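Novice: For reference, the structure I am asking about is given below.
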Amino acid sequence: MSKKINVMLALMLLMTQLVWAQNKTLTGKVTDNNGAPISGVSVMVKGTTAGTFTGQDGTFSFTVPDNAKTLVISAVGYATQEIAVSGSSYQLSLKVAEAQNLDEVVVVGYGTKIKKDITSSVAKVTSKEFQNLPLPSFEQALQGRASGVYINTGSGKLGQGLNIRVRGISSISANQQPFVVIDGVPVVSQSLGSATEPDNPLATLNPDDIESIEVLKDASSSAIYGARASNGVLLVTTKSGKQGRTKLNVGFFTGWSEPTKKQKFLDATQYKELFTAAADNMGYVAADEFEAETGTTDWNSTNNTNWSDQAFQEGYIRQYNVSLNGGDARTKFLFSGSFNDQNGIILGNRLTRATGRVNVDHTINKNFKVGANLSLVQSNNYRVPSDNAFSNPIQLNALPPLHPLLAADGKNNQATLYYNNLIEVEDNNRNLSKTYRSISSIYAEWNIMPNLRFRTQAGIDWNNLQENQFLGRRTLDGAPEGYSYDNQVTSSVFTNTNTLQWNNKAAGNHNIDALVGIEYQRGIANGASVEGRAFPSDRFTRIANAAIISSGSSTETQFRFMSYFARANYKFKNKYLLGASVRADGSSRFGADNRYGLFPAVSAGWIISEESFLHSNRILSFLKLRTSYGRTGNAEIGNFSSLSLYTSAAYANIAGLVTSQIGVPGLTWENTDQFDIGLDFGFWNNRISGEIDYFKKNTKDILLNVPLPATNGYTNITKNIGDMTNSGWEFTLNANIIRSSSFNWTTSFNISTYKNEVTRLVSPVPPGARTLGRLAVGSPFGEFYGRKYMGVDPANGDALYMKADGSTTNDYSAAVDTVLGDPNPDFYGGWNNKFSYKGFDLDIQCQFVSGNDLYNIAGFFQSVNGDYFDNQTVDQMNYWKKPGDVTDIPQPRLYDGNGAGKSSRWVQDGSYFRIKSVNLGYNFPRKMLQKVKIDNARLYVAAQNLFTFTKYKGYDPEVNATYIGNLNLGHDFYTPPQARTITVGINLGF
Amino acid sequence: MKNIFKILPLAALLATASCKKVLEVEPQQSIDAATALQNDQDVNSAVVGCYALMGGGALYGTNFLMLPDLQGSESYCSWRGTFQSFRQVASKTMTRDNAEASRTWIAAYRAINNANIVLANLGKVNDAALRTQLEGEALFIRGILHFELVRLYGLPYDPATSNSQLGVVIKTTAATDEAAASEKIARSTVAQVYARVLTDLNTAVTKLPDDNGTRADKYTALAFLSRVYLQMGNYAAARDAANEVIASGAYELAPIPLIPFTNKNTAESIWEIQQNEQNNAGQANDGMATFFASKPGIGRADVRMNTSFISSFYESFDFRRRDWYYVGTGARPGNTYCFKWNAFEQNLPVIRIAEMYLTRAECNLRLSTNVGDTPANDLDLIRSRSNASSIAVPVLADILNERVRELAFEGLRIHDIKRLKTATGSFAWNDNKLVFPIPQREVDASVGVIVQNPGY
C-alpha cells in the first residue's frame, strides 16, 4: 500500500517541480545503521509536495525552494525523520524502524489507514514473518501470529481445508470461516471438490507473493463487508513493484519431512498375549476366532509386521521462486514465478504448485492511474482418502501384526482383517485433484479534485478443479474390474467495485475522510462428472475404456450480490477519532421477503498520550483508548435455502419429480452485533508496545433446521431461529529487548481467549452414534456429552460408568449422559523471538493452545482391551488380570464390549505448546557480494513443527477429523499427524 | 469533473432500479414448487417420483424386503455386518433412535406426500384416461405404504380383536407450505389404518389399467389386496384377490427358480422395483445385493444363512437349494449366502405369482374350497417347478412351509410369523420387541402428539 502513496507523491513531485522557478539544489545520501545505502527513500520538503527518491546508491539530488526549512525523510520499514534545511548537502542515517511502528500503514476495507488513527481491531501479519517457511497454505502464517485468530490445521494432509475461527464461532449451519479478499477481489475459500473431506482452494496461492495479511476482527473494521463479515475478514495484499533499479530475486529451498509423532501399537508377542487372554476369558480359542474373522491362519505365523509405520512415507519439499521488480515514477511492476513440490508424509500424498504473477501500476498523468494484478496457478494435489475410509493409510494400524506384509506372490497381502490399503497406491491407482486458478483484477483511479478520487475495479476469481480417480481391480472400491471417476468444477466469481473517496487532510484541527461505493458480485459454479467401471486391465484408467458408464452428472449454481456502502472518519486535534460505516447488502440468497440487509458500525478513539498531561511523559510514549460497535452478517446460507423446491429422482430409466425442500420466503442472513473496547500502548518511545482488546459478539437469527413431523413429507425447515454469543480477551505485547549495533532481540507475544455459548436453539442437537459433540442452550458449541468412564472394578475387571447419583455401574445403559469436556480452548496464542547478530538472524515462532479437549473416536477400535481383532495401542497391555488389580484398562473380553461403549474413556486434554517454526539465516557481507555483482544473499535453515509438547497420546494434538462435520470439533479418527519439516534454502538478490 | 456527479447518481439509480431483477436467480437442479406441476407430464413425473422414492433403500430398495427376514432371524439367518442399526433389528434390541426405524418412517411419508400431491393436482391432467390411471397409481402407492408402515410400527392385526392398538399416522392430504408441513397428527388405530389401506387399494383396482408396463396395474393392486386380506385373516377375500390375479393369465412361473432374480420383469413377477447400473438402492452402504451378496467385488456379505435352515427345509435335489444359496467368494468368504440378491443393478421382485398360488392354496385349504384350483395342484405347481417331490394330500403345514421355502428372504417372514401367531426364537408373535419403535425424532417433532410404542 505504501507504494501507492509513493506513487502519488512522485506524481505530485513531477507536477510541482515545474511550478517552482527560484530554487536551490540539495544533494545527499541515505544509509542505514550499518552504513549501507538505502534506495527508494522519499525525501520531501515538509508542508509541500516538493521531493524526490534516493537512487540505488542511496544518493539524492533535487531542487527545493529557497524558503524550504525542513526535510521529511521516510521509507517503508524505517522510522520517519525530519531535519532542518541548512546548506546544500546532507549525509543521513535512518534508524531501523521500531518493531511496532505506529505510523505503519494498515490495509482496511476499500482503503488504507495509519495504524495510529485506527479505531478498530485489526491484526496484521507481514511477509517478513513467514517468508521462506514451507507453509502448505498461506493462512497458516496467521497461526500464533495474529491474536484473536484460532487456527486448527486439522491434519497433516496437504492441500486440506483447515479451521480458521476469528473471535470464536459465529454460526452453526452456515459457514464459520472468515471472508477472504485478495487485492480487493472476494475469493472462493470453500471447497469445490466432491470428496468427503474439503480441499482448500486457498492452498493454490503462493505465500511468497503476499505482502501482508490483515484480519478485520471487530465490527467497525469488518462491517464495511456487511453480510459476509460475521466470521471476520482476511484482507490479503500481494506484493507490488517498487520504484528504483530493477531487482531480480531468486530463491530456492529444499527439505524433508516426517510425522511429528508415530504411535506405538502391539507387536506380535503382545498381540497374541492380549487376544489369548481376551478369548480365554470368554471361553473361545483365540486361534479359531482369529481364523474365523480374518479367514487366515496367520495366528500361528511368526510374522511381526509394523503396519502402522507403513502409512508413512518420507516427505520432501522443494521450492524455486523468482521475482523481478522495479519501475520508475510512473510505472512499477512485479513479475514473479514459483514452483513448489511437496511430498507429504502420508502414503500417496503430494502437492505441487506452479504460480505466475504480474502486478503493474501505471500513472497516466496527474489525474489518472491504472493497474492490474494478474495471477495464474496450476496445482496438483494427490489426495489421501477421507479419515473414515478403509483406504485411509492410517487405518493400517488396525491390522494385526500377525499378517505378513506381502503375500506369497510378492504383492501386497490381500488376506488381512481389514482392507490392506497399501494396494490403494499400487501401479496406476490415483486420486488427483488438479486446479487451475486465476485471481486477477484491473483498476483505474481518477483524481477528480485534489481531495476526491474515483476508483473502479473489476476482478475475477476463476477456479477450475479437475478431480480424477482411478482404482484398479485389486482395490476395495475398484474390484472386480476397475473404477474411474472424473469430476470438473469451474467456479467464476466476478466483482465490480466503484468507490468515491474524499480526503480532507490539512484543515487545521479537523481531518475528515469519507468513502462511498457500489459493489456488484456474481458467482457461478458449473460441475460435470462421470463415473465408469469395468476396464480391460488396470493399464487402462480412462473412462473411454470403461465398459460401464455407471453415472454422470452436470450441475450449475449461481448467486448475486448488489451492495452499497459508505464510511466516514473524523479526527479532531489529532487525538479524538470518530468513525462510522454502513453497508446495504442485497443478495439472491435471501428470501423474497427479505432481500436487503443493513449493516452499520460506529467507532471512537482517544489518543490519550496526545493530551497535555501525558504529552511529555518519558515512559508512556503512546496510549490510545478505542471502542466500536456494529452489526455484520453471515450470508453463507446456501444459494437457495429460502425456496420450496422439487427435484428429479431417477427410477431406473425414467425420471420422476419429487419434493426436495420446503422453504420460508423470509429466510435471510444471520446477524452478529459486536462490541469491542481496546487499549493500544507504547512505552519508552514505543520500544515496548502492545494492545489489549475485549470483545463481545451476539449472533442472532442463526439458521437452524427446525424439525418437522416427517408424516407431512418433510423432516425439517430452515429458519433464522438460533442465538449464540462469543466473548473474549486478546493481548499482544511487542518489545525490542536488546538493540545494539551488532545484536538485536525483539520479542512478540500474544494470547487470546474466546468463550462461546449457545443461547437459543429449537431443540438440543445430541451427539451422533460415535461422536460426542453436541449443541445445547447454555453450553459452548460442540461441547462433549456422553457417558462418563469411571475406570475398572478391581474385583472383576468390569468397565465402570457413572450413574446419575455419581455412583458407578458396570451397566452401560444404566449410566447417564453428562458433560465430558469442551473442544474449545481456554486460551491460545503465540510467542515470537527474533535475534540478529551481525550477518546472522534467528526467528523462533512458538504457538500454544490450552484447555481444549480431544476425543479419539478410534479408541473404540484401537484402545479397547482386545474387544475385536484390531491391533491395540500399547497402553492396553496394562489390562486387568486378576482380582485386586488397579488399572483403568478393563479385562479383555473378546466380542463382549467390556468398556467399548462411547464414553469419556477416550477423551483427553488437547493442550499443546509447539515450536512452530525456526528460521536461522546468514546474510553474506555486502562487500563480498559486490565482487560477484550480487546485491544480497541469504542462506538459511528452517524448520516447521520442530517440537511439540503435549500430553495427548494420539498422533498429534492439532487434530480435527473433518468428515464428521462442523459440530464435532477436536475429534480424532485415524487422522494423520502434522509434518515436521526441515528445509535449507538460499535467497539471492541481483 | 462535473460529469462524474451526473454519472455516479445515474449509475447508482440504474443499479437500484435493475437490482430487483439482478437478485432473482433460479436454481438449476431444482424447480420452484409454485410452478412445478403444470400439466399432464408434470403430474405423471410426480408419480414416477413416488416409484423412485419407493425404490430407495429405506423402502422397497432394502428395508421392506430385508428387515422382515432379519427380525425373524432365529434358526434362519444372522447379521454379520458392522451396521448397528441392522444388528439391532436382528437381535430385537432396537433403540428409539434406530436408523432403520427412522429412515423408513421418513421416506415412506415423503413418498405418501408425493402421492397426495399427485392426487391434489389431478385437475392439471387433461387426458382423462391418464388422469384415472395416475389417480389409481397414487392411491395404490399411498395404500401399500400405509400397509407396510402399520405392519412394522404397530402391534399385529389380530382378527380376534377390535385392533384398537395404535397403528401409524394416516396421511391423505398434501403438504406444500410451512403450515401444512408443520401439522401434528396423532397415530390412528391399527383397525383404522387397515380400513384406509383397503379403501385406497380397492379404489386403485377400479382406476388402474390392466397393464401398465413396469408400473403398478390393476393386478398389482389386487396382489397387494390379497396380501392385506391374508394379514387380516380374511381368507376368502385373500383367496379371491389372488385368484383374480392368477386368472388374469398375465403371469406364469418361470421354468427354473433362478430366472426371476437374474432377469428383469419376467412373467413370474407381478411387480418389481426397477433398477439399473446408474440408479439402484446402493452399492456400498445400502441395497439388497450390498448386504446379501458375497461375490468378488460385490456385496458386504452381512446377511449369512443358517446352513441348518437350508438343509432341513430343502430337499437336496430342490432347484431352489441350488439356485438360491451359494458359498460366498467375495466378502466373508466360505459361508452360505442367498443368491436372490446378487447384483447391484438387478430388479427387485416385490411380489411374485408364486406367492399368489401359495396364498390361494392356503386359503382354499383353510376354507375347504377349490376356487381356481385345488390346494394340492397349486402347491404342486410351485414344487414341481423346483424339482421338489410332490405332496399328494397337503395339509396346512405343508403350504406354510412351502411359503418359507419359496419366499425366503423376500420380506415376508416376520409378517407370516405375526399372522400365524407363532414365534421367532423366544419372541412371541405379539412381542413388543417385534414392533419397530416410533422414531424418537417424530415424538419430539410432534411434541408428543405422536406417541411411542410400548417397550421403548
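Novice: Quick test for you: out of A:S911, A:S917, A:S904, pick the one residue that is over 20 Å from the mean Cα position of the chain (by Cα) and polar (S, T, N, Q).
Specialist: Residue meeting the stated conditions: A:S904.
Novice: Could you tell me how many of the residues in segment A:540-565 are surrounded by 21 or more Cβ atoms within 10 Å (Cβ to Cβ), assigned to a strand (DSSP E or B) and of a type in the set (A, V, I, L, M)?
Specialist: 1
Novice: Is one or more of the residues making up segment A:519-539 away from chain B (no Cβ under 14 Å), outside any strand (DSSP E or B), more than 30 Å from A:E556 (Cβ to Cβ) and aromatic (F, W, Y)?
Specialist: There is no residue in segment A:519-539 that is away from chain B (no Cβ under 14 Å), outside any strand (DSSP E or B), more than 30 Å from A:E556 (Cβ to Cβ) and aromatic (F, W, Y).
Novice: On the given criteria, is A:N496 over 34 Å from the mean Cα position of the chain (by Cα), assigned to a strand (DSSP E or B) and farther than 24 Å from A:R353 by Cβ?
Specialist: no
Novice: Take the residues in segment A:540-551 that are closer than 24 Å to A:A650 by Cβ and touching a residue at least 24 places away in the same chain (Cβ under 8 Å), then tell me which one is farthest from the other protein chains (Cβ to nearest Cβ).
Specialist: The residue in question is A:I543.
Novice: Looking for something of a type in the set (F, W, Y), farther than 24 Å from A:R228 by Cβ, within 13 Å of chain B (Cβ to nearest Cβ) and over 29 Å from the mean Cα position of the chain (by Cα) - is there at least one such residue anywhere in segment A:713-724?
Specialist: Taking every residue of segment A:713-724 in turn, at least one turns out to be of a type in the set (F, W, Y), farther than 24 Å from A:R228 by Cβ, within 13 Å of chain B (Cβ to nearest Cβ) and over 29 Å from the mean Cα position of the chain (by Cα).
Novice: Could you tell me which residue of segment B:146-175 is surrounded by the fewest Cβ atoms within 10 Å (Cβ to Cβ), considering only residues that are aliphatic (A, V, I, L, M) and away from every other protein chain (no Cβ under 12 Å)?
Specialist: Per the stated criteria, the residue is B:A160.
Novice: From the list A:G283, A:G315, A:G295, A:G255, which one is in contact (Cβ under 8 Å) with a residue 60 or more places away in the chain, farther than 27 Å from A:N420 by Cβ and among the small types (G, A, S)?
Specialist: Only one candidate qualifies: A:G255.
Novice: For segment B:223-237, state whether one or more residues are among the polar types (S, T, N, Q), away from chain A (no Cβ under 14 Å), crowded, with 24+ Cβ neighbours inside 10 Å and closer than 26 Å to B:R419 by Cα.
Specialist: yes
Novice: Among the candidates A:N698, A:N712, A:N705, single out the residue that is closer than 21 Å to A:I172 by Cα, modelled with pLDDT of 95 or more and assigned by TED's automatic domain parsing to the domain that holds A:I662.
Specialist: A:N698
Novice: Take A:T237 and tell me if it is within 30 Å of A:V582 (Cβ to Cβ) and assigned to a strand (DSSP E or B).
Specialist: yes
Novice: While we're here: Determine whether segment B:279-294 contains at least one residue that is in contact with a strand residue (DSSP E or B) (Cβ under 6 Å, 6 or more places away or on another chain) and at pLDDT below 95.
Specialist: Yes - at least one qualifying residue is present in segment B:279-294.
Novice: Across segment A:903-917, what is the total count of residues that are buried (at least 21 other Cβ atoms within 10 Å of the Cβ) and hydrophobic (A, V, I, L, M, F, W, C)?
Specialist: Residues in segment A:903-917 being buried (at least 21 other Cβ atoms within 10 Å of the Cβ) and hydrophobic (A, V, I, L, M, F, W, C): 2 in total.
Novice: Next question. So, of the residues in segment A:217-257 that are within 30 Å of A:Y940 (Cβ to Cβ) and hydroxyl-bearing (S, T, Y), which turns out to be surrounded by the fewest Cβ atoms within 10 Å (Cβ to Cβ)?
Specialist: Residue satisfying both the conditions and the ranking: A:T246.
Novice: If you don't mind, there's one more thing I want to ask. Restricting the search to segment B:117-128, which residues are surrounded by fewer than 24 Cβ atoms within 10 Å (Cβ to Cβ) and touching a residue at least 24 places away in the same chain (Cβ under 8 Å)?
Specialist: B:L119, B:A120, B:N121, B:L122, B:K124, B:V125, B:N126, B:D127 - these are the residues of segment B:117-128 that are surrounded by fewer than 24 Cβ atoms within 10 Å (Cβ to Cβ) and touching a residue at least 24 places away in the same chain (Cβ under 8 Å).
Novice: Which residues, taken from segment B:85-94, are touching a Gly at 6+ places or on another chain (Cβ under 9 Å) and within 10 Å of chain A (Cβ to nearest Cβ)?
Specialist: Across segment B:85-94, there are no qualifying residues.
Novice: Touching a residue at least 12 places away in the same chain (Cβ under 8 Å), in the same structural domain as A:R560 (by TED's automatic domain parsing) and more than 25 Å from A:E691 (Cβ to Cβ) - does that describe any residue in segment A:618-634?
Specialist: Yes: one or more hits.
Novice: Let me ask something else. Checking B:A376 against (1) touching a Leu at 6+ places or on another chain (Cβ under 8 Å); (2) without any contact (Cβ under 8 Å) to a residue 40 or more places away in the chain, only one condition comes out false. Which one?
Specialist: For B:A376, the exception is condition (1).
Novice: Does segment B:131-145 contain at least one residue that is of a type outside the set (V, I, T), crowded, with 23+ Cβ neighbours inside 10 Å, within 14 Å of chain A (Cβ to nearest Cβ) and within 30 Å of B:G72 (Cα to Cα)?
Specialist: Yes, segment B:131-145 contains at least one residue that is of a type outside the set (V, I, T), crowded, with 23+ Cβ neighbours inside 10 Å, within 14 Å of chain A (Cβ to nearest Cβ) and within 30 Å of B:G72 (Cα to Cα).
Novice: Something else about it: What is the residue count in segment A:956-966 for residues that are more than 16 Å from A:S911 (Cβ to Cβ) and crowded, with 19+ Cβ neighbours inside 10 Å?
Specialist: Going through segment A:956-966 one residue at a time, the tally reaches 3.
Novice: Checking the condition assigned to a loop (DSSP other than H, G, I, E, B) and on the phi < 0 side of the Ramachandran plot, which residue from A:T632, A:T668 passes?
Specialist: A:T668
Novice: Does B:G249 satisfy the criteria of being in a loop (DSSP other than H, G, I, E, B) and within 21 Å of the chain's Cα centre (by Cα)?
Specialist: No.
Novice: Which condition number in (1) buried (at least 24 other Cβ atoms within 10 Å of the Cβ); (2) among the β-branched types (V, I, T); (3) under 30 Å from B:C50 (Cβ atoms); (4) more than 7 Å from every other protein chain (Cβ to nearest Cβ) is the one that A:T699 fails?
Specialist: Looking at each condition in turn, A:T699 falls short on (3).
Novice: Which residue is nearest to the other protein chains (Cβ to nearest Cβ), if the candidates are limited to segment A:614-662 and must be crowded, with 22+ Cβ neighbours inside 10 Å, charged (D, E, K, R) and farther than 29 Å from A:N720 by Cα?
Specialist: A:R626
The values are calculated or read from the model by the stated rules, or taken from the named source; none is laboratory data. Please read these numbers as outputs of a predicted model, since none were measured by experiment. A quick note on method: Cβ atoms are made from the backbone with ideal geometry, for glycine too, and the neighbour counts reach across all protein chains shown.
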